[in-house]
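Note sheet for the following structure.
The values are calculated or read from the model by the stated rules, or taken from the named source; none is laboratory data. Quantities reported herein were computed from a predicted structural model and do not represent experimental measurements. Cβ placement follows ideal geometry from the backbone for every residue including glycine, while neighbour counts extend to all protein chains displayed.
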Amino acid sequence: MPPSYPSDAPASEALFARAKTVVPGGVNSPVRAFRSVGGTPRFITSARGAYLIDADGREYVDLIGSWGPMILGHTHPEVLAAVTDAASRGFSYGTPSENEVALAEEIVARVEPVEHVRLVSSGTEATMSALRLARGLTGRSRVVKFAGCYHGHVDALLAAAGSGVATFGLPDSAGVPSSAAAETIVLPYNDIAALEAVFAADGEHIAAVITEAAPGNMGVVPPAPGFTEALRRVTRDHGALLISDEVMTGFRCSRSGWYGLEGPYAAGAPDLFTFGKVMGGGFPAAAFGGPAALMAALAPDGPVYQAGTLSGNPVATAAGLATLQRCTPEVYAHIDAAAHTIADAAAAALSAAGVPHTVQWAGSMFSIFFCEGLVRDYDDAKRTSAPAYAAFFHAMLAQGVHLPPSAYEVWFVSAAHDAAAVDRILAALPAAASAASDAFATIAP
Ligand SMILES: *Cc1c(COP(=O)(O)O)cnc(C)c1O
């Protein structure tokens, strides 16, 4: 039997009220505020394995996974030991140290086209820096991105940026100068004709195409067969770079990320890759990388400046290295199996309750759209029913399962999702599906 928690959460409510007096909206990243599902975000006090414990002492099976990083589950004993050991030897040196090298070696060993990597502290920094490098290398200013793809809160990349922005129904962000936005061309995902048209018209000004390797920030929308290949062919033909953003997919979809599943393409590999999330093991570590000849344009060897006080931080790199070293074939097989068990059961429960839904996959990454039919791009994704998801989300929460508080997000499964954790999710699904069904009945005319 799943637990049955009351809909109020007194300790979280008190903390949220306190937070709102000193933090905008009470949160340090907007989606955490529960605005699209309503109610009070749960303030978490500890996490272990597949579980989160909140300030009211309630236990949840976690399907947020810190939005991707916690691939081994929370507080993995060996990662904890590596972190504790690193921290006992100093928090930050501001000098080179060995773990940075070892983490870079691990990434290079996993992703074949990546010969050199530069470490940074967030996925946002990784994409921002990759973009600067692409502009520096090509001497061009424009970039192409796809609607629904999120690449962090980089000014030039916030246009039509998927989950966080979609959750709030904001077309764009205020505070982005039109000069920055003017250099960004936004195209529909999976649309090769639109890509070819833009390059035919404007190719000599385009520095790069940036894409999520397999988008997960508008819900999971995998590239249609041949799409990534077309990105590679068109960019190459016009002297632009292809940047594959693997911040979410990297070291999650396979040991080599999405590239490990789909690459190399006949037209070649992407030029630059960005990584984050899993490679930091829950700490602030991210990276961008590519062939040595391209990465040589970065300072101190080349003219493209990029730096960071905490880049390659010894504690963060220890966590990332210990995490990646434990991302074995067994771990990937386990996550794949657990994800399929959960997704199949969710689809069965939704079908039984008559709720329209579509499950989509990118490797072991999946999300469920609350609408019928294939989702190929952001316009399709926006057909998902946010009210139905909100009802489903809260019914799961009340039964001790914490989904991401956004209808446009991956359900993140970890190596720690064992039979007991998965069973709790399965037991909670029928009631949640029936709550979603009630929500649809209310919305329908
Ligand atoms: C999360 C994410 C980012 C941003 O990473 P942060 O560490 O939050 O700055 C960039 N690209 C993709 C694909 C992501 O999923």
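Details
- Per-region count, the range 108-141, residues aliphatic (A, V, I, L, M), away from the ligand (no atom under 16 Å from the Cβ) and more than 17 Å from VAL209 (Cα to Cα): 3
- Number of the exception - ALA55 against (1) within 16 Å of the ligand (Cβ to nearest atom); (2) within 30 Å of GLY219 (Cβ to Cβ): (1)
- A search for C-beta distances below 7 Å between a residue of the range 270-283 that is closer than 18 Å to VAL83 by Cβ and in contact (Cβ under 8 Å) with a residue 24 or more places away in the chain and any residue that is among the hydroxyl-bearing types (Ser, Thr, Tyr) and more than 9 Å from the ligand (Cβ to nearest atom), counting only pairs 6+ apart in sequence or on different chains, returns VAL278/THR323; GLY281/THR323; GLY282/SER66.
- Out of ILE71, ILE53, one residue alone is part of a loop (DSSP other than H, G, I, E, B) and either among the aliphatic types (A, V, I, L, M) or surrounded by 18 or more Cβ atoms within 10 Å (Cβ to Cβ) (or both). It is ILE71.
- Filtering ALA333, ALA347, ALA318 for residues that are buried (at least 22 other Cβ atoms within 10 Å of the Cβ) and under 23 Å from the mean Cα position of the chain (by Cα) leaves a single hit, ALA318.
- Looking only at the range 123-149, residues that are part of a loop (DSSP other than H, G, I, E, B) and either small (Gly, Ala, Ser) or touching an Asp or Glu at 6+ places or on another chain (Cβ under 7 Å) (or both) come to 5 in all.
- Lone unmet requirement of (1) more than 16 Å from the ligand (Cβ to nearest atom); (2) crowded, with 20+ Cβ neighbours inside 10 Å; (3) part of a loop (DSSP other than H, G, I, E, B) for PRO300: (2)
- Number of the exception - VAL114 against (1) in contact with a helix residue (DSSP H, G or I) (Cβ under 7 Å, 6 or more places away or on another chain); (2) buried (at least 19 other Cβ atoms within 10 Å of the Cβ); (3) of a type in the set (A, V, I, L, M, F, W, C); (4) under 16 Å from ALA319 (Cβ atoms): (4)
- Pairs linking a residue in the range 29-48 that is assigned to a loop (DSSP other than H, G, I, E, B) and at pLDDT 95 or above to a residue that is away from the ligand (no atom under 16 Å from the Cβ) and of a type in the set (Asp, Glu), with Cβ atoms under 6 Å and 6 or more positions apart or on different chains, are THR40/GLU13; ARG42/ASP54.
- The helices (runs of 4 or more DSSP H) located wholly in the range 313-395 that include 1 or more residues which are touching a helix residue (DSSP H, G or I) at 6+ places or on another chain (Cβ under 7 Å) occupy 314-325, 329-352.
- Taken residue by residue, the range 270-289 has no member that is part of a helix (DSSP H, G or I) and more than 16 Å from the ligand (Cβ to nearest atom).
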